[in-house]
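Down below is the structure, laid out as structure tokens.
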Amino acid sequence: MLSRKNKLLLFKLLSLFSVVRGYNILIITLAQYLASIFILSPNWPVRDVVLDLNLFLIVTASALVIASGYIINNFYDAEKDLINKPRKSMLDRLVSQRFKLTTYFILNFLAVLAASYISFRAVLFFSVYIFGIWLYSHKLKRIPFVGNLVSASLAIAPFFVVFVYYKNFETVIFVHALFLFLLILARELIKDLENMVGDMAQNYRTIPIIYGAKVSKLIIGLLIVSTLVPALLLINTFEVGYMYLYFISCIVLLALFLILLIKADGKKHYVWLHNILKFIIVAGVFSILLIDVDLVLNRIL
């Protein structure tokens, strides 16, 4: 049996894990490595990619900055989240705001330290990334559509830095990035629909609040239809191995998403729509393995 003190410590660790959304960071870390192996450096031996110290430091710095980003976002959104996500907020509040801020600065320092072992350009990139996340959390997220665009851009930044590291400028990579960016942007707009009550209480000027839910749904619908362009290009034009099965499945799911979007009229429906997009994005990470099934099977067998 755990003592009361140990139980409190365990709950605080769970609270910190909830604040930094550790599960998201694990997925992003996995995505960076899989993208590096199967998309960005397909001609490199897998062992060389996995054991590349610079890549490890880039992924580590990315994880640290993302974790600190969730902390500062949680810090600024504490009152809003208490309305929109009361259960999660109660867990998050087990860790004091002061401790969160201290952890925020420590994580950022460690991220820049890790980047300093790579190059000055890496230090510059992660410093700008840290500043961009703070500026978004403090100011930009309150500006309609600009906040959504910045949030989606920050979300794909960890993949951008790996892309630059490998200096792989093939068109297929930009098409993959466009598909992901459009999905993330649509998800950000869905989140605004979910969080309307808390946003109104805290005077956030989001698209649903200013222009209404119908305009938001129209923009989301246009973004989802736009994802069909990169999806069809990746199916018909580029060599993506068996990953074409993933994009075909996405088209079916996104068609279902559009039908549900038209009928959606409450938070419960928007949560379902959000989860569909989240599933598509996470499934996309694991589907990267389908690009070269033979390589995967050879490694397993």
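Here are a few things to note about the model shown:
- Test: residue in region 93-109 that is more than 28 Å from His138 (Cα to Cα) and at pLDDT 85 or above: no
- Subset of region 111-125 [crowded, with 18+ Cβ neighbours inside 10 Å and of a type in the set (Gly, Ala, Ser)]: Ala111, Ala114, Ala115, Ala122
- When region 38-52 is limited to residues that are in contact (Cβ under 8 Å) with a residue 40 or more places away in the chain and either farther than 17 Å from His176 by Cβ or among the aliphatic types (A, V, I, L, M) (or both), the one that is surrounded by the fewest Cβ atoms within 10 Å (Cβ to Cβ) turns out to be Val46.
- Every pair of residues 6+ apart whose Cβ atoms lie under 9 Å, when the first sits in region 260-282 and is in contact (Cβ under 8 Å) with a residue 12 or more places away in the chain and exposed (fewer than 15 other Cβ atoms within 10 Å of the Cβ) while the second is among the aromatic types (Phe, Trp, Tyr) and assigned to a helix (DSSP H, G or I): Leu260/Trp272
- Top-ranked residue of region 126-163 - restricted to ones that are over 15 Å from the mean Cα position of the chain (by Cα) and either under 20 Å from Ala213 (Cβ atoms) or in the same structural domain as Met196 (by TED's automatic domain parsing) (or both), ranked as surrounded by the fewest Cβ atoms within 10 Å (Cβ to Cβ): Val146
The values are calculated or read from the model by the stated rules, or taken from the named source; none is laboratory data. For clarity, every value in this text was computed on a predicted model and none was experimentally measured. Here Cβ is always computed from backbone atoms with ideal geometry, including for glycine, and neighbour counts include all displayed protein chains.
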